[in-house]
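Reviewing the structure listed below.
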Amino acid sequence: MEFNLMVPVITNQLDFLSEVLQDFCELHSIECASADDILYTDDNKLTLYERQWLSNYISVWDSIVNLED
């Protein structure tokens with residue numbers, strides 16, 4: 001039996017986090033960009049929850065980048 005699933009392959013933790021950010025942006029109707037661009041661009045009208053989520057996301061991203069170095 002052969003399965004042909006059209007699922008993007010996540011090759012590492014940063015790819016996974018990128019997918020998570022994209023899902024978050026779609027769910028909250030935010031134009032997708034890097035988390036810091038979204039968070040620190042004055043044009044965005046983010047809720048407190050969205051700001052906190054993005055800030056935590058950036059912290060997790062930075063931790064993983066430091067682990068991979």
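The values are calculated or read from the model by the stated rules, or taken from the named source; none is laboratory data. Nothing here was measured: the structure is a model prediction, and the numbers come from that model. Every residue, glycine as well, gets a Cβ built from its backbone with ideal geometry; the counts of neighbours run over all protein chains shown. In case anyone asks, the SASA skips ligands and DNA or RNA and just uses the protein heavy atoms, side chains included. Shrake-Rupley method; radii C 1.70, N 1.55, O 1.52, S 1.80 Å.
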| note | Each label sits 7 Å from Cα toward the beta-carbon; between Asp36 and Glu19 the label points are separated, in nm, by 2.5
| request: May I ask you to compute the full-extension gain from Ser29 to Leu67, defined as 0.36 nm times their residue separation minus their alpha-carbon distance, rounded to one decimal in nm? | output: 10.6 nm
| Accessible surface of segment 27-69, 1.4 Å probe, proportion on carbon and sulfur as whole % | 50
